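The values are calculated or read from the model by the stated rules, or taken from the named source; none is laboratory data. Not measured: the values here are computed from a predicted model. All Cβ positions, glycine included, derive from the backbone under ideal geometry; neighbour counts span all protein chains shown. To get the accessible areas, we keep the full protein, side chains included, count just its heavy atoms, and leave off ligands, DNA and RNA. Shrake-Rupley method; radii C 1.70, N 1.55, O 1.52, S 1.80 Å.
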Amino acid sequence: MASSSSLQPDGMGNHDQLTPLEKHVMFFDINKDGIIYPWETYLGFRKLGRNIFRSLLAAVLIHLVLSHKTRPGKWPSLLFPILIKNIKYGKHGSDSDAYDAEGRFVPEKFEEIFKKYAHKNANSLTADEVNELLKKNREPKYYFGWLNATTDWRLLYDLAKNKNGELTKEAVRAVYDGSLFEQMTMARENASKKSS
Ligand code: HEM
Ligand SMILES: [Ca+2]
């Protein structure tokens, strides 16, 4: 049966039925109505500790790129909403394919990332290894997808690298199932409680 969370009209309240890609973006849907507006993305990035400028930039770019892909009809909405139930249409090329076309997680593709690029340590990626991954995943002449993939991975590396400058397999796994963002905000909140 469904979890105890209240069901929204579009079913977004029921986490059990969400695909991993839907869970990946759920953190940014602050009022959990199934739609992410640019100000929610902005606040999500602020919660993750990004500064005002970077958070604004991320919100503008993400919504310019993804809003129309997830909305029916050909006219853009001036509020640039992203509909979570259609987030699979936001998939782009030059990615790892660890999300399939339906937004499901593909464990083999995830394992492949570490088999191919984790040279120094089998369970983590250095900055150079992330760059190598991006170079190898790059589809020729498809600059848009590559730019998107670069932003995803650089951002992930920046936010989630450990004190040795490595991105652990655990952290990458958690970005795919959507739990990383909650974990990071909890860690930040605990750290600020301790220091106050
Ligand atoms: C700190 C914030 C974020 C980080 C670190 C992040 C990171 C990532 C990573 C590493 C991937 C996997 C790419 C691959 O498999 O090669 C990904 C995929 C994706 N992300 Fe995010 N993401 C963030 C926020 C968002 C937001 C706010 C949205 C939209 C509302 C979003 C939408 C997507 C989509 C649609 C994909 C699938 C792309 C594909 O596989 O082609 N992400 N993200
Ligand atoms: Ca919302």
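Within the range 165-196, which residues are open to solvent by 70 Å² or more (accessible area, probe 1.4 Å) and either β-branched (Val, Ile, Thr) or in contact with a Phe, Trp or Tyr (Cβ under 9 Å, 6 or more places away or on another chain) (or both)? Full working, then the answer.
First, the residues of the range 165-196 that are open to solvent by 70 Å² or more (accessible area, probe 1.4 Å): 170, 173, 182-183, 186, 188-190, 193-196.
Result: Arg173, Glu182.
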Considering only the range 47-87, how many residues are within 11 Å of ligand 1 (Cβ to nearest atom) and of a type in the set (Lys, Arg)? 4
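Residues are listed down the side, and each one gets a yes or a no for (1) within 13 Å of ligand 2 (Cβ to nearest atom); (2) touching a helix residue (DSSP H, G or I) at 6+ places or on another chain (Cβ under 9 Å); (3) among the aliphatic types (A, V, I, L, M):
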residue: Asn31; (1), (2), (3): yes, yes, no
residue: Glu40; (1), (2), (3): yes, yes, no
residue: Ser55; (1), (2), (3): no, yes, no
residue: His63; (1), (2), (3): yes, yes, no
residue: Pro72; (1), (2), (3): no, yes, no
residue: Ile82; (1), (2), (3): yes, yes, yes
residue: Lys85; (1), (2), (3): yes, yes, no
residue: Ala101; (1), (2), (3): no, yes, yes
residue: Lys109; (1), (2), (3): no, no, no
When both residues are 6+ apart or on different chains and their Cβ atoms are under 9 Å apart, which pairs have a first residue that lies in the range 47-61 and is more than 12 Å from Leu155 (Cα to Cα), and a second that is among the acidic types (Asp, Glu)? Ala59/Glu40
State whether one or more residues within the range 24-46 are open to solvent by 50 Å² or more (accessible area, probe 1.4 Å), at pLDDT below 95 and either of a type in the set (Gly, Ala, Ser) or assigned to a helix (DSSP H, G or I) (or both). no
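When the range 77-103 is examined, which residues are found to be over 23 Å from Tyr142 (Cβ atoms) and either assigned to a loop (DSSP other than H, G, I, E, B) or open to solvent by 70 Å² or more (accessible area, probe 1.4 Å) (or both)?
Initial filter on the range 77-103 (over 23 Å from Tyr142 (Cβ atoms)): 77-81, 83-85.
Scanning the range 77-103 gives Ser77, Leu78, Leu79, Phe80, Pro81, Lys85.
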Using beta carbons and a limit of 7 Å, which pairs, at least six apart or on different chains, have the first residue in the range 162-191 and closer than 11 Å to Lys47 by Cα and touching a residue at least 12 places away in the same chain (Cβ under 8 Å) and the second one of a type outside the set (Asp, Glu) and part of a helix (DSSP H, G or I)? Met184/Leu159; Thr185/Lys47
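Just give me the residues in the range 164-196 being among the basic types (Lys, Arg) and modelled with pLDDT under 95, in sequence order. Quick ask: steps written out before the conclusion?
Going through the range 164-196, the residues among the basic types (Lys, Arg) turn out to be 169, 173, 188, 193-194.
Residues satisfying the conditions are Arg188, Lys193, Lys194.
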Just checking, does the range 121-141 include any residue being within 16 Å of ligand 2 (Cβ to nearest atom), at pLDDT below 95 and open to solvent by less than 70 Å² (accessible area, probe 1.4 Å)? no
